[in-house]
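I have placed the structure first, in the form of structure tokens, so that the comments after it can refer back to it.
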Ligand code: 5RP
């Protein structure tokens, strides 16, 4: 359809729809932040909208921990105060992050941006972990790849132990480790998570269990839906 007459609204191209959904999910999550909170920030394009929403809220006495140099840079440019996670003592009040895939049981795949190790630490350190995504990220069953971060030392052996797996052509993680992907089928996320975690040389993998997740905010054509994960917000 090419009608350009005034008053005729054409369907948004899919990319624009997805960007609007990311922004809507980010806005819903930013509304959960309150003055004085310590908040962990994930990484990615959905989190970029979150940073803008948090900055626009004009909250006071906020402290932020970041999962990547890219997030630190963007947050700082918006005037958000980013500190080392170690400055926060035992816990964050809240962590908010995107995801690559979200299954019906609240298992996630993360790490498309190679930041999943730090992201998992922030999610674990937070009393409440909120996942934000466009509807495009909701899947019936998780599918490969699963991002993996591995030590440089012995990386060929580690990749062999993780097989089928391969290194990704991307910069190293923020901590200088190699980034790869596990490419096998994901029939049982819990069993695969245990197998990957048990592999010597693996630093962390991108499967996030429901026990880490408090809330999932997915924005779609009907607005933002809210699902609970297994981690009760404190
Ligand atoms: C980075 C991540 C991101 O959260 C994930 O890749 C989603 O990114 P985006 O919001 O750009 O779709 O896990 O390591």
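The eigenvalues of the Cα gyration tensor, multiplied by 5 and square-rooted, give segment 40-170 an equivalent ellipsoid with semi-axes of 28, 18, 13 Å from largest to smallest. Per-residue ellipticity at 222 nm, computed for the chain from helices alone with -39500 (n - 2.57) per DSSP H run of at least four residues, works out to -8500 deg cm²/dmol.
The packing ranking of peptides 60-68, 212-220, highest mean first, is 212-220, 60-68, where packing means the average number of other beta carbon atoms within 10 angstrom of each residue. Does segment 87-141 classify as rounded, prolate or oblate by the C-alpha gyration tensor (a ≥ b ≥ c root eigenvalues; a/c under 1.5 gives rounded; else a/b over b/c gives prolate, otherwise oblate)? Judged from the Cα gyration tensor, segment 87-141 comes out prolate (a/c at least 1.5, a/b above b/c). Restricting the count to DSSP beta bridges whose residues both fall in the chain, what percent are antiparallel, rounded to a multiple of 5? Here the antiparallel bridges make up roughly 50 percent for the chain. When peptides 81-89, 112-120 are sorted by average Cβ neighbour count within 10 Å, with the highest value leading, the order is 112-120, 81-89.
First check a/c for segment 142-234, with a ≥ b ≥ c the square roots of the eigenvalues of its C-alpha gyration tensor; if it is under 1.5, answer rounded, and if not, answer prolate when a/b is larger than b/c or oblate otherwise. Let's see the in-between values first.
Details: a/c = 2.12, a/b = 1.97, b/c = 1.07.
Prolate is the answer for segment 142-234, as a/c is 1.5 or above and a/b outweighs b/c.
The value of relative contact order for the chain, using C-alpha pairs under 8 Å at least six residues apart, is 20 percent. Is the chain best put as rounded, prolate or oblate by its Cα gyration tensor, with a ≥ b ≥ c the root eigenvalues, rounded for a/c under 1.5, and otherwise prolate when a/b is larger than b/c, oblate when not? It is oblate, given that a/c is not under 1.5 and a/b is not larger than b/c.
A short reminder: the numbers here are calculations on the coordinates, not readings from a lab. These numbers come from a predicted model, not from an experiment. Glycine also receives a Cβ, built like all others from the backbone with ideal geometry; neighbour counts cover every protein chain displayed.
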